[in-house]
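**Q** My structure is below; once you've seen it, I'll send some questions.
Values in this text are rule-based calculations from the coordinates and carry no lab data. Keep in mind the model is a prediction, meaning the values are calculated, not measured. Every residue, glycine as well, gets a Cβ built from its backbone with ideal geometry; the counts of neighbours run over all protein chains shown.
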Amino acid sequence: MTIQEAKEIAAVCSMMRSELPDGMWEEVKEAILDYRGGKDGEAFAEELSEICKDWGFSI
């Protein structure tokens, strides 16, 4: 997943957070806050990809 794709997925998760499984939004939100706090973009994309896989979403 590219950094841009990760940003887009994070935006969709934010808009649909009430539709996500319990706990998933918290993980995504934490990844977003880490990225905004200076985390490397590629690491953010990898983390978001793993979160999605862990919750059963294929990207």
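**Q** Per-residue ellipticity at 222 nm for the chain, helices alone: DSSP H runs ≥ 4 residues times -39500 (n - 2.57), over residue total, nearest 500 deg cm²/dmol? Walk me through the numbers before you get to the answer.
**A** Working: 3 runs with 40 residues, N = 59.
Taking each H run of at least 4 residues, the total per residue is -21500 deg cm²/dmol.
**Q** Pulled fully out, how much extra length does the chain show between Glu42 and Phe57, if you take 0.36 nm times their separation in residues and subtract their Cα-Cα distance? Don't skip to the answer; put the middle values down first.
**A** Details: separation 15, 0.36 × 15 = 5.40 nm, distance 1.94 nm.
Contour length minus the Cα-Cα distance gives 3.5 nm.
**Q** In segment 26-59, which chymotrypsin sites (Phe, Trp or Tyr not before Pro) are in a loop and have at most 16 other Cβ atoms within 10 Å, using DSSP for the loop call?
**A** Numbers: sites: Tyr35, Phe44, Trp55, Phe57; in loops: Trp55, Phe57.
Loop-located and lightly packed - Trp55, Phe57.
**Q** Enumerate the calculated ³J(HN,Hα) couplings along segment 33-38 in order (Karplus 6.51 cos²θ - 1.76 cosθ + 1.60, θ = phi - 60°), each rounded to whole Hz, writing x wherever the residue is Gly or Pro.
**A** 5, 5, 5, 5, x, x
**Q** Counting other Cβ atoms within 10 Å of each Cβ, which trypsin sites (Lys or Arg not before Pro) in the chain have at most 15 and sit in a DSSP loop?
**A** Working: sites: Lys7, Arg17, Lys29, Arg36, Lys39, Lys53; in loops: Lys39.
Listed in order of number, the matching sites are Lys39.
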